[in-house]
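Asks: Below you'll find the structure I mean.
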Amino acid sequence: MYTQAMDLDRSATPADATFTSEEQAFNARIARDEKIEPNDWMPESYRSTLIRQISQHAHSEVVGMLPEGGWITRAPSLKRKEILLAKVQDEGGHGLYLYAAAETLGVCRAELIDALHSGRAKYSSIFNYPTLTWADIGMIGWLVDGAAIMNQVPLCRCSYGPYARAMIRICKEESFHQRQGFDIVHTLVRGTPEQRRMAQESLERWWWPTLMMFGPHDKDSTHTAQATAWGIKRITNDDLRQKFVDVTVPQAEYLGLEIPDPELRWNPERGHYDFGPIPWDEFWRVVKGDGPCNKERMAARIQAFEEGRWVREAAAAHAAKARARAAAASVASEEAAA
Amino acid sequence: MSASGQDWPLWEVFIRSRQGLDHKHVGSLHAADAAQAIALARDVYTRRQEGVSIWVVPSAAITASDPGQKAENFDPMASKIYRHPTFYDIPDEIGHM
Ligand SMILES: [Fe+2]
Ligand SMILES: [Fe+2]
């Protein structure tokens, strides 16, 4: 997911159950479903877990603009270009809401950006895959934003107030993303045989990476228990993934597209679709930096950041000059009045 | 490069919705100065006609109540139910009041 549990940091787990009175009060607030706000006392590990998760989520929104951004100039019509531009702009806004939420925990933006650019921070593995055809833009909206919604809706009830509020804002905007993607795919499957093939080929490339977005299986996810106890995570990776498969399979059937999984079938006993094994080797390879586009994505991020540096510096210099001028003017007027 | 001095100052953003209600806090952003903060707030927080007016305030200018004093500050009001109209029984014959 955007908040894929991939950096398995065991230090975030408290060693034992001997809580201080502050911790007991904190745990009681979590149990009562109260929101924790920036100035409230919180355990250091709660703080660091949130900083890692929220910033990773923010980085995913920002890096996530890159695979789609390249298609803005190549969109097949003015309407599609406007829609894609608006969608990508939303993702930039999501990054901002989330960076701002992380900053309430006492980190500064420059540190977070530096962690991303130096490779210390992760972002969702999905954005390290290339967008080879226009169908991929449809697939990203339908599947990737669809998977993101699955993960993000429960985060609206997260125990940390600023994160929960950012997620509410984001979720309001995500539905448009998924629908515009579905609309692209729906249009392609009703088009020429070539367009239909393009959609099918794209689904085959995106299906497994999308399922990987939900992160490792629960049994391999060391974060899940603590994050659940803290009210940061409400539904486990495997439950979210199952939910996603269950709603997406009928949509693919409607579109007349075939999901590339020979083991996929409805299981009436479970009331869910069974699906085949996820290629985890590929997942870990991509997470560790060896996906098809990891280097390209980071290079593009760093280039954009460095090329914007003079603008940021000029704006800061202009603001400082204006402040100095205003201060001098007020001193002069006080002297004149004296 | 991790100096917080590299970040533009932080601003809190308040938006008045189209319904003409009070300005409501919607989030925060970094900007070099107030004019830029307004311009960025417009781009980030009103892309779907969420507002008709924007206030920006430097985050550093806000003084907040102490969360540690929450009980002291706010709990006493729980017993003052006579401040609510529902505390009083009005005879049915009087009708709406
Ligand atoms: Fe997003
Ligand atoms: Fe999105």
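Asks: Condition test on B:P58, is it within 25 Å of A:A58 (Cα to Cα) and out of contact with any Lys or Arg (no Cβ under 6 Å at 6 or more places or on another chain)?
Replies: For B:P58, the condition - within 25 Å of A:A58 (Cα to Cα) and out of contact with any Lys or Arg (no Cβ under 6 Å at 6 or more places or on another chain) - is met.
Asks: Evaluate the following for A:L188: is it in contact with a Pro (Cβ under 9 Å, 6 or more places away or on another chain) and more than 16 Å from ligand 2 (Cβ to nearest atom)?
Replies: no
Asks: A further question on this structure: Among the residues of segment A:35-60 satisfying the criterion of being among the charged types (D, E, K, R) and either free of Cβ contacts under 8 Å to residues at least 60 places away in the same chain or away from chain B (no Cβ under 14 Å) (or both), which is farthest from ligand 1 (Cβ to nearest atom)?
Replies: Across segment A:35-60, the extreme among qualifying residues is A:E44.
Asks: Can you name the condition, by its number, that A:A75 falls short on among (1) farther than 23 Å from A:A115 by Cα; (2) part of a helix (DSSP H, G or I); (3) more than 13 Å from ligand 2 (Cβ to nearest atom)?
Replies: Every condition holds for A:A75 apart from (2).
Asks: Quick check on my filter: what residues within segment A:159-179 are within 16 Å of ligand 1 (Cβ to nearest atom) and more than 14 Å from chain B (Cβ to nearest Cβ)?
Replies: Those that are within 16 Å of ligand 1 (Cβ to nearest atom) and more than 14 Å from chain B (Cβ to nearest Cβ): A:Q178, A:R179.
Asks: So which residues in segment A:100-120 are more than 9 Å from chain B (Cβ to nearest Cβ) and touching a Leu at 6+ places or on another chain (Cβ under 7 Å), if there are any at all?
Replies: Listed by number, the residues that qualify are A:A102, A:L105.
Asks: Select, from B:G27, B:G68, the only residue that is in a helix (DSSP H, G or I) and within 10 Å of chain A (Cβ to nearest Cβ).
Replies: Checking each option against the conditions leaves just B:G68.
Asks: Taking the condition more than 9 Å from chain A (Cβ to nearest Cβ), in contact (Cβ under 8 Å) with a residue 12 or more places away in the chain and part of a loop (DSSP other than H, G, I, E, B), does B:R18 pass?
Replies: Yes.
Asks: Do we have any residue at all in segment A:328-337 that's more than 30 Å from A:D183 (Cβ to Cβ) and within 14 Å of chain B (Cβ to nearest Cβ)? Outline the logic, then answer.
Replies: Applying the first criterion (more than 30 Å from A:D183 (Cβ to Cβ)) to segment A:328-337 yields A:328-337.
Right, trim to within 14 Å of chain B (Cβ to nearest Cβ) and you get none.
So far as segment A:328-337 goes, no, none of its residues is more than 30 Å from A:D183 (Cβ to Cβ) and within 14 Å of chain B (Cβ to nearest Cβ).
The numbers here are math on the coordinates, done by the rules we state, and not lab data. Bear in mind that the values here come from a model prediction, so they are computed numbers and not experimental data. Positions of Cβ are generated from backbone atoms using ideal geometry, with glycine treated the same way; all protein chains shown enter the neighbour counts.
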